[in-house]
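Since every read-out is calculated from the coordinates, none of them should be taken as a lab result. Quick caveat, the model's predicted, so the values are computed rather than measured. For neighbour counting, all protein chains shown are included, and Cβ atoms are generated from backbone atoms with ideal geometry for every residue, glycine included.
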Amino acid sequence: MSRAVTAARRIFKAFETGDLADAADFVHPEYFNRESDDRTNARGPAELAHSVAWLRSAFSELKFDERDVVAAGERVAIRVVMSGRHTGAFLGHAPTGRSFAAEQVHFFTLHGGKFLTHHAVRDDPALHRQLGLFGPRS
């Protein structure tokens, strides 16, 4: 198993547990998350802490079930199913208490064994439908 895959799994574990005690061990000081640039200007472990707190404030029982992994050098792509329960405010919507499971693909680039960049492709329409934030498909 590559060092990049091991590091990526640590990020998902941080989202599941909220434990960021060792984030500086696997997150580069200049880490940039393209998925959070509308919420924060933070970089490095501070950005990861912001994203973890933001997602965990909206969703409880958060899990990331790994489905596929592709790694080459210091790049890794992981397809996961994120699941949980909507128990806090999310994008201006009050908690619904609904459970959800939605696919995502995450792309990471490492530098010196630490995460430097992240971006994702998520099935947000499926997530929003499951939470009742907009109607069923027509």
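List of remarks:
- Selection from VAL69, LEU131, GLY18, by position along the positive dipole direction of the chain (Cβ): LEU131
- Taking ASP25, ASP68, ASP123 in turn, the Gaussian network model of the chain (Cα-Cα springs below 10 Å) assigns the largest fluctuation to ASP68.
- Most positive-pole-ward Cα, HIS111, VAL80, PRO45, against dipole of the range 3-130 from beta carbon charges: VAL80
- When the Cα atoms of the range 61-138 are aligned to their principal axes, the ranges along those axes come out at 42, 26, 19 Å in descending order.
- Gyration tensor analysis over the Cα atoms of the range 19-90 returns equivalent ellipsoid semi-axes of 21, 19, 11 Å (largest first, whole Å).
- Net dipole in debye of the chain [+1 Lys, Arg Cβ; -1 Asp, Glu Cβ; about Cα centre; nearest 20]: 240 debye
- For the range 5-61, a/c is not less than 1.5, where a ≥ b ≥ c are the root eigenvalues of the C-alpha gyration tensor, and a/b does not top b/c. That puts it in the oblate class.
- Start at zero, step by 10 Å, and the Cα-Cα distances of the chain spread as 12, 42, 34, 10, 1 percent across the bins.
- What separates the Cα centres of the range 34-90 and the range 98-138 is a distance of 8 Å.
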